[in-house]
Amino acid sequence: MCIIPFSKAVELLKNDQIIGLPTETVYGLAGRANSPIAIQKIYTLKNRPAQNPLIIHISSAESLAEYLLEPIETLASLSSLFWPGPLTLVVPIKPHTIPTIGRAGLSTAAFRVPLLETTRALIRETGPLVAPSANISGKPSATKPEHIEADFGIDFPILETDETAALLGLESTILIYQQGRWVAGRLGAIPLARFQPILGYVPSIGDVKTALCPGQLFRHYAPDAHLTLSEEGWDESSCELYDIVVGFPERTYRGAKNIIHWGSELSPEKCAHELYTILREVDKQKQAKVFWDIRFSSNEDWNAILDRLKKASSR
Ligand code: TXA
Ligand code: MG
């Protein structure tokens, strides 16, 4: 594993290189936002479709002003409450402020201020960074340095931090500003109901077919294993059908050949934190048939987890 100190990360980024970047959500694959060379390297490394734009990571809400095409009334309250943190805001921008390649030619761009102190300190040194999740396109995101190593090799540089990286385990929630309102482009670490007190409404989740958020069109988070999501719970009579059962430590899965526990049924936070590690784990057992217990309370905190699992199970 190639964990690099802060000074080395600054040097590499200034030379248009790419590094693994710890954030509070998932690890990112970072390059300087004003370097088309670095951005191209990210697309190539990830094998990412060119139509899928990147999130620009800035060090403070104030830095957003220079990009904005026009003032947005609710922006200050959203950013003061949720930044730094796992919220990405997509807004109309002055086009010359971001290389075309980084925003897939759109007239909008996505921004967020990450929570980890190390990450923001780095951005203050290098300028804004684009950072998609640190996985090969279509594979589960990376929540541990080992995941980056598995996708990009043992020599791939990853920034050292003494803070807890990827504690949340799910990507940021994306809100898109459109015709005076915010709509949700992606479910994520912040449940949508949390925006109600500020906005006066809960942002609705856009229909994937309308491609509000281009990234949602591409197949995502897909393990090689076949996942069966079950709201009914475990049935011993079908134990021969499955190689692996992913479930809660509080429950019994009689007859199961191999059980992976993914956190308490009372803790969506813990389950979110473990999600990509488990998806990668089952992926190692190629073509495994996986039963995944999703009989949980209808609490909004499970929605983003369910969204990722549904994508992972679709073929
Ligand atoms: O938590 C996160 O957001 C992580 C960490 C590393 O910060 N990053 C991340 O990036 O999840 P990525 O590239 O995996 O997802 C970026 C998403 C894509 O779905 C993309 O379509 C959307 O952001 N996006 C970026 N620019 C957009 C725009 N102008 N309009 C709509 N969606 C946009
Ligand atoms: Mg991603």
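Note on S238 and A193: the extension gain reaches 12.5 nm, defined as 0.36 nm multiplied by sequence separation minus the Cα-Cα distance.
P(r) for the stretch 51-190, from all Cα pairs and a bin width of 5 Å, is 2, 9, 18, 23, 22, 15, 8, 3, 1, 0 %, short bins first.
Would you work out the charge dipole size for the chain about its Cα centre, treating the Cβ of every Lys and Arg as +1 and the Cβ of every Asp and Glu as -1, and quote it to the nearest 20 debye?
Working: 31 positive and 35 negative charges, 188 e Å.
My answer is approximately 900 debye.
Contact order normalised by length for the stretch 2-199, with contacts defined as Cα pairs under 8 Å and 6 or more residues apart; what percent is it? List each step's numbers first, then the result.
Numbers: 409 pairs, mean separation 64.7, N = 198.
Answer for the stretch 2-199 is 33 percent.
What the Cα convex hull of the stretch 154-205 gives, in volume per residue, is 132 Å³. Once the chain from R181 to K289 is taken as fully extended at 0.36 nm per residue, the excess over their C-alpha distance is 34.6 nm.
Close amide H pairs (under 5 Å, H built 1.01 Å from N) link I190 with T173, residues at least 5 positions away or on another chain. With the convex hull constructed from alpha-carbon coordinates only, the stretch 240-292 shows a mean projected area of 3.5 nm² over all directions.
Under the simplified labelling scheme, the S314-S297 pair shows an inter-label distance of 2.9 nm, with each label point 7 Å from Cα along Cα→Cβ. Inter-part distance, the stretch 256-315 to the stretch 143-171, computed on C-alpha centroids, equals 20 Å. Once the Cβ-Cβ distance of L229 and A76 is raised to the sixth power relative to R0 = 35 Å, the FRET efficiency obtained is 0.30. Looking at the P(r) of the stretch 124-210, how many percent of alpha-carbon pairs lie beyond 19 Å? Percentage above 19 Å: 55.
Might you report the magnitude of the Cβ-based charge dipole of the stretch 1-134 about its Cα centre, with Lys and Arg at +1 and Asp and Glu at -1, to the nearest 20 debye?
420 debye
When the convex hull of its Cα atoms is viewed from all sides, the chain shows a mean projected area of 15.7 nm².
Every number here is computed from the coordinates shown, using simple stated rules; none is lab data. This is a predicted model, so every value here is computed, not measured. Neighbour counts are summed over all protein chains in view; Cβ atoms, including those assigned to glycine, are modelled from backbone coordinates with ideal geometry.
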